[in-house]
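Below: one structure, written as structure tokens.
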Ligand code: NAD
Ligand code: MG
């Protein structure tokens, strides 16, 4: 029986995780659930799964949540320290890291440092602190399993000894597929007037609002490029982006002998989640098998002039140090402003580029430096935004 903490239980990934857990009550027991808002949903989950702990954002929410579930035997905690505590608790085996954004870094790192089996959906944590994060995985012997569908596909397409180095196992390059998002065919003029509602309507996936906007700007693929470099010790020039509008091939690995291995499936996050939950075994995910007769598969190169976020992410990774943390923080501020109707879609990369250009980057050799860079980038991004108010 694996005892499971789900960080971000009320989100899209959190819900898909619980859907897989529901199919396997004999394998998984929910140990802790966390949420930032949507207390009614968290209360309903606590009543259903009876976790030992629930974690909310602020102390005032503790009594609110308790009032919503008077009979549940769940202990309610609040705040960042409580998130880290349930992620590293001795009685928890596996942590699903599904908080969105930089807020997920500290609890995910706490799980890593406690040597847990960590299922990583929270790509922003790895983008911000890739070097420290991967060092901590090695030092504390954590098991890190990728949930992002592309990285899970790469993980499935690599040999199990890939940690010896990609060159040593005959890997030449990784092809990271991207749907292209809802605006794949929009002209620059059309992009100038798109709305948050349009951006959040992804053609193939139902996801949280932040990652939906990231998919529309292609920053999601930029973050995933950085994520792939850290997870698989790949050089940025070894990771190639391929636009594949149908999202059936979730990514591919090319070997020196001319072989290309890929993972295919219907676009449903329950597949990578089930893969990581059960790895190295396989379990039912509740996802139907792919019917190849129903699909035509297309591939295009990305257009970085209409979607500059891809270039910005690649440049930040090449710069190294705190540059990816600065990129991530500026992007989070930009996406929030766009969703609030305060920033045009096409100004998202402009804001990020301005912050990256103005803020000096430094080596990212400790957490304080990274958190400081994150904070400084947010302050600068807010200043830049004031021209729109
Ligand atoms: P979501 O917005 O649906 O859910 C986010 C969860 O995090 C919620 O439970 C929310 O309460 C919690 N949360 C938000 N802000 C928080 C904060 N400041 N402190 C603590 N908790 C907070 O997001 P999602 O789509 O489930 O995505 C979660 C993560 O998984 C993201 O990093 C995303 O990039 C990644 N991911 C998602 C998908 C997908 O299909 N949804 C696919 C690949 C990767
Ligand atoms: Mg992805």
- All helices (runs of 4 or more DSSP H) inside segment 141-228 with 2 or more residues being closer than 21 Å to residue 276 by Cα and more than 13 Å from ligand 1 (Cβ to nearest atom): 149-157
- Task: List the number of the failed condition for residue 176; all other conditions in (1) within 14 Å of ligand 2 (Cβ to nearest atom); (2) not assigned by TED's automatic domain parsing to the domain that holds residue 250 hold.
- Result: (2)
- Query: Considering only residues of segment 190-208 that are buried (at least 16 other Cβ atoms within 10 Å of the Cβ) and away from ligand 2 (no atom under 14 Å from the Cβ), which is nearest to residue 148 (Cα to Cα)?
  - Reply: 200
- Task: Please note which strands (runs of 3 or more DSSP E) are completely contained in segment 27-119 and include at least 3 residues that are closer than 14 Å to residue 9 by Cβ, in contact with a strand residue (DSSP E or B) (Cβ under 9 Å, 6 or more places away or on another chain) and in contact (Cβ under 8 Å) with a residue 60 or more places away in the chain.
- Result: 28-34, 94-97
- Does segment 76-83 include one or more residues that are under 20 Å from the mean Cα position of the chain (by Cα) and either closer than 29 Å to residue 220 by Cβ or not assigned by TED's automatic domain parsing to the domain that holds residue 128 (or both)? yes
- Message: Which numbered condition in (1) buried (at least 22 other Cβ atoms within 10 Å of the Cβ); (2) assigned to a helix (DSSP H, G or I) is the only one that residue 354 fails?
- Response: (1)
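Residue-wise test of (1) at pLDDT below 95; (2) surrounded by fewer than 21 Cβ atoms within 10 Å (Cβ to Cβ); (3) within 16 Å of ligand 2 (Cβ to nearest atom).
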| residue | (1), (2), (3) |
| --- | --- |
| 24 | no, yes, no |
| 27 | no, yes, no |
| 33 | no, no, no |
| 36 | no, yes, no |
| 72 | yes, yes, no |
| 89 | no, yes, no |
| 95 | no, no, no |
| 104 | no, no, yes |
- Query: When you go through 44, 84, 57 one by one, which is the residue that is touching a helix residue (DSSP H, G or I) at 6+ places or on another chain (Cβ under 7 Å) and surrounded by 14 or more Cβ atoms within 10 Å (Cβ to Cβ)?
  - Reply: 84
- Note on the structure: Checked segment 265-284 for anything closer than 26 Å to residue 167 by Cα and surrounded by fewer than 16 Cβ atoms within 10 Å (Cβ to Cβ); matches are 280
- Message: Of the conditions (1) touching a residue at least 12 places away in the same chain (Cβ under 8 Å); (2) over 22 Å from residue 20 (Cα atoms), residue 292 satisfies every one except a single condition; which number is it?
- Response: (1)
- Query: Out of all the residues in segment 127-135, is one or more part of a loop (DSSP other than H, G, I, E, B) and either modelled with pLDDT of 95 or more or under 26 Å from residue 368 (Cα atoms) (or both)?
  - Reply: no
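The values are calculated or read from the model by the stated rules, or taken from the named source; none is laboratory data. Because the structure is a prediction, the values reported are computed rather than measured. Reconstructed Cβ throughout: ideal geometry from the backbone, glycine too, with neighbour counts over all protein chains shown.
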